[in-house]
1. Go through 156, 198 for me and flag whichever is surrounded by 21 or more Cβ atoms within 10 Å (Cβ to Cβ), touching a Leu at 6+ places or on another chain (Cβ under 8 Å) and not aliphatic (A, V, I, L, M).
2. State which residue is nearest to residue 116 (Cα to Cα) when the search covers only the stretch 66-85 and only residues that are over 20 Å from the mean Cα position of the chain (by Cα) and modelled with pLDDT of 95 or more.
3. Could you grab me the full set of residues in the stretch 160-173 that are charged (D, E, K, R) and in a loop (DSSP other than H, G, I, E, B)?
4. Test residue 223 against the criterion of being of a type in the set (Gly, Ala, Ser) and either free of Cβ contacts under 8 Å to residues at least 12 places away in the same chain or more than 24 Å from residue 163 (Cβ to Cβ) (or both), and give yes or no.
5. Among the strands (runs of 3 or more DSSP E) lying completely within the stretch 174-227, list those that include at least 2 residues that are under 28 Å from residue 149 (Cβ atoms).
6. Under 6 Å by Cβ, and 6 or more places apart or on different chains, what pairs join a residue from the stretch 166-177 that is touching a residue at least 24 places away in the same chain (Cβ under 8 Å) with one that is basic (Lys, Arg)?
7. Can you tell me which residues in the stretch 92-147 are assigned to a helix (DSSP H, G or I) and hydroxyl-bearing (Ser, Thr, Tyr)?
Amino acid sequence: MNLMPEFRLHRPQTLEEAVRLKTGLPGARFVGGGTDLLVNLRRGLGEPSDLIDLGAVTELGAVRHVEGALWLGAGVTLAELAQHPEIVDAYPAVAQAARAVAGPTHRAAATLGGNLCQDTRCIFYNQSDWWREGNGFCLKYKGDKCHVVVKSDRCYATYHGDLAPALMVLDAEAVIAGTQSARRIALSELYREDGAAYLTLGAGEALAAVVLPPPGGRRAAYAKARVRDAVDFPLAGVAAALRREGDVIGELRVAISGTNSAPLMVPTAELAGRPWNDEAAAALALALRKTANPLRTTVTAPKYRRRAIQGMTRRLVDGLWNDARGG
């Protein structure tokens, strides 16, 4: 681990002040719980001129109802998400995904916004500074080539967040604060499939909140595969939301994490109106194979991650289908 780089620390009291600071300081980074950013800085991954601590912006820590939707402030901790009564009752997949992140002390500090905006990861990137220098810096930071796909002109580092897919299958929206106004986008639009430029946030923008609409009769769940159950990022993660109409699928939404440079929705529209059976499961498996693109970015082989995400998805949807039949 390296020593921390030199930086100036700012502690704004309002979101407006935080966004204004970020706009005027091009080299600044926002920090919430710091569980991702500070570790990377100790590895020599970045030298921000300024850190803007969002811990004193109280509006970011609120969970509130607005016009029938549940607004989750970007500063809400994962520990709170995992046990908040309304989330556990109405959006159990979100609580499930929050509980799946690392350990209790990590969740007590880590925030919703930090988890959603966490850096992409790769075995050629998340190393010490001397290791990366000795093996050749990569396209994501200081280098000019991707060691995963050598002839590529883009970075293939992988997004490994747990909460994004669970929120995406529930039609969550992101509230983005800027210097002039705020905008709302589908949560999936927060990301692009580029490991080095994976967020679509502008230079002077901040993720302020996530908006969850009413569940609308959906049942949802989240599952992940990881090396160590207590602490690790998902080698592959999947969320599914199902609305059953009698003996057929009314709606099925599936989102994945840990296999691509962004969390992605899997195309499932063709399954609506069909019963959930082996034929439908095979069609979903094909859609997963076409969407997921696990590469040599983790210590685990891509073939295992591809099989794991298909197996987890089948089990998730089986469980949701059976639960819906019981009422």
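The values are calculated or read from the model by the stated rules, or taken from the named source; none is laboratory data. The shown structure was predicted, so the numbers you read here are calculated from the model rather than taken from an experiment. Heads up, the Cβs are rebuilt from the backbone with ideal geometry, glycines too, and the neighbour counts pull from every protein chain shown.
1. Details: 198 fails: touching a Leu at 6+ places or on another chain (Cβ under 8 Å).
Among 156, 198, only 156 is surrounded by 21 or more Cβ atoms within 10 Å (Cβ to Cβ), touching a Leu at 6+ places or on another chain (Cβ under 8 Å) and not aliphatic (A, V, I, L, M).
2. Out of the qualifying residues, it is 69.
3. Selection gives 162, 171.
4. On the way: of a type in the set (Gly, Ala, Ser): yes; either free of Cβ contacts under 8 Å to residues at least 12 places away in the same chain or more than 24 Å from residue 163 (Cβ to Cβ) (or both): no.
Judged against the criteria, residue 223 is not a match.
5. Filter on the stretch 174-227 gives 219-225.
6. Pairs that qualify, where the first residue is touching a residue at least 24 places away in the same chain (Cβ under 8 Å) and the partner is basic (Lys, Arg), are 169/253; 173/184; 175/184; 176/183.
7. 105
This table checks each residue for (1) part of a strand (DSSP E or B); (2) exposed (fewer than 14 other Cβ atoms within 10 Å of the Cβ).
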| residue | (1), (2) |
| --- | --- |
| 243 | yes, no |
| 282 | no, yes |
| 298 | no, no |
| 305 | no, no |
| 308 | no, no |
| 322 | no, yes |
